[in-house]
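The values are calculated or read from the model by the stated rules, or taken from the named source; none is laboratory data. Remember, predicted model here, so these are calculated numbers, not experimental data. Cβ sites come from the backbone with ideal geometry, for glycine too, and all protein chains shown count toward neighbours.
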Amino acid sequence: MFIARTVAELRQHVAPHAKPAFVPTMGNLHEGHLSLLRHAKPMGDVLVSSIFVNRLQFLPHEDFDSYPRTFEDDCARLQAVGCDVLFAPTEAELYPQPQTFKVLPDPALANILEGEFRPGFFTGVCTVVMKLFSCVFAGGAGVAVFGQKDYQQQLILREMVRQFALPIQILTLPTTRAADGLALSSRNMYLSAPERAQAVQLSAALQALAAQVRAAGAMQGKATAASGAAAFNVAAAEAAAMQDLRAQGWQPDYLTVRRQSDLSPITHVTAEPLVVLGAAKLGPTRLIDNVEV
Ligand code: PAF
């Protein structure tokens, strides 16, 4: 595996290849990242990954400084899954001057959910991903692979690629989970042992809410006006799910049922594809997860 520290080195190593497959990361690689890399491998003629902890997507009070940096271990893992080129630039290389030109995602997508609780987050993500794409896909086409755990992120990046007509195929792969169901995340390492044992409660709450939505959809299919079946109250179910999490010691930011297409809220269950998304803090650690319905 070649480790490119500069944009020039990266381009030199990727240029001979017609179709790079790219998995961008912030490092501290776990099985979730590795599964993205394994899927990406046969999709292109060179497997490229990046490790860059992107300051632009952290708020001042967030964990930019303490974000786990495990470069040697990451390199060993990348090598083991057949990564050909790792792009690991310094901040001075990727942002040689303050990044005053930014990619501003549609507020309707980017200022809700994660964007409401982390203002500017998706501007930071889109800006760095656009820049990484322009470094990796200098020759044009390719494929980039993201995880479904960051549901809103992958949706916004898809829209970015579509609206800027980038010749890049975006692939989203299912969330990798620990044996108990906890979604793998670099931030799981902040959890104490008792918190780790409890952490699965977030995905359990999302699964339970998704099950209610599915049941409501099935009931609705059968119900007739004469049956008098009460309509499923989405807002009440969301509020109850948040209250249950609070009772277990969490501080939820949101647990909500949304349309998969644009993450807009629903007032009642319909046949269109839905997703239940949640973000909550357990102690100082903020976790996110989602379940498609
Ligand atoms: O999902 C991540 O790890 C980051 O948001 C990304 C896409 C690498 C951009 O910094």
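Here are a few things to note about the model shown:
- Residues in the stretch 43-55 that are closer than 22 Å to residue 157 by Cα and of a type outside the set (Phe, Trp, Tyr): 43, 44, 46, 47, 48, 49, 50, 51, 53, 54, 55.
- Close pairs (7 angstrom Cβ cut-off, 6 or more residues apart or separate chains): within 12 Å of residue 140 (Cβ to Cβ) in the stretch 162-178, surrounded by fewer than 17 Cβ atoms within 10 Å (Cβ to Cβ) anywhere: 167/140; 167/141; 168/141
- Filter result (over 15 Å from residue 159 (Cα atoms) and within 12 Å of the ligand (Cβ to nearest atom)) within the stretch 94-127: 94, 114, 118, 121, 124
- Subset tally (residues that are of a type in the set (A, V, I, L, M) and within 18 Å of residue 283 (Cβ to Cβ)) for the stretch 234-254: 3
- A count restricted to the stretch 166-191 and to residues that are of a type in the set (Asp, Glu) and assigned to a strand (DSSP E or B) stands at 0.
- Subset of the stretch 1-34 [under 21 Å from residue 186 (Cβ atoms) and either away from the ligand (no atom under 14 Å from the Cβ) or part of a loop (DSSP other than H, G, I, E, B) (or both)]: 1, 3, 26, 27, 28, 29, 30, 31
- Pairs linking a residue in the stretch 249-271 that is at positive phi to a residue that is part of a loop (DSSP other than H, G, I, E, B) and not aromatic (Phe, Trp, Tyr), with Cβ atoms under 8 Å and 6 or more positions apart or on different chains, are 263/112; 263/113.
- Taken together, 171, 166, 182 contain a single residue that is away from the ligand (no atom under 13 Å from the Cβ) and within 14 Å of the chain's Cα centre (by Cα), which is 171.
- Some residue of the stretch 74-83 being within 13 Å of the ligand (Cβ to nearest atom) and free of Cβ contacts under 8 Å to residues at least 12 places away in the same chain: no
- Listed by first and then second residue, the pairs linking a residue in the stretch 42-56 that is within 16 Å of the ligand (Cβ to nearest atom) and part of a strand (DSSP E or B) to a residue that is at pLDDT 95 or above and among the β-branched types (Val, Ile, Thr), with Cβ atoms under 7 Å apart and 6 or more places separating them unless they lie on different chains, are 48/14; 48/85; 48/136; 49/23; 49/25; 50/25; 51/25.
- The condition (being over 29 Å from residue 278 (Cβ atoms) and either loosely packed, with under 15 Cβ neighbours inside 10 Å or under 21 Å from the mean Cα position of the chain (by Cα) (or both)) is satisfied by just one residue among 40, 76, 110: 76.
- Selection over the stretch 132-163 of residues that are within 10 Å of the ligand (Cβ to nearest atom) and among the charged types (D, E, K, R) gives a count of 2.
- If you go through the stretch 185-196 and pick out every residue that is crowded, with 16+ Cβ neighbours inside 10 Å and within 16 Å of the ligand (Cβ to nearest atom), you end up with 4.
- Taking every residue in the stretch 106-125 that is under 21 Å from residue 259 (Cβ atoms) and assigned to a loop (DSSP other than H, G, I, E, B) and pairing it with any residue that is away from the ligand (no atom under 15 Å from the Cβ) and among the hydroxyl-bearing types (Ser, Thr, Tyr), at least 6 positions away or on another chain, the pairs with Cβ-Cβ distances below 7 Å are 113/254.
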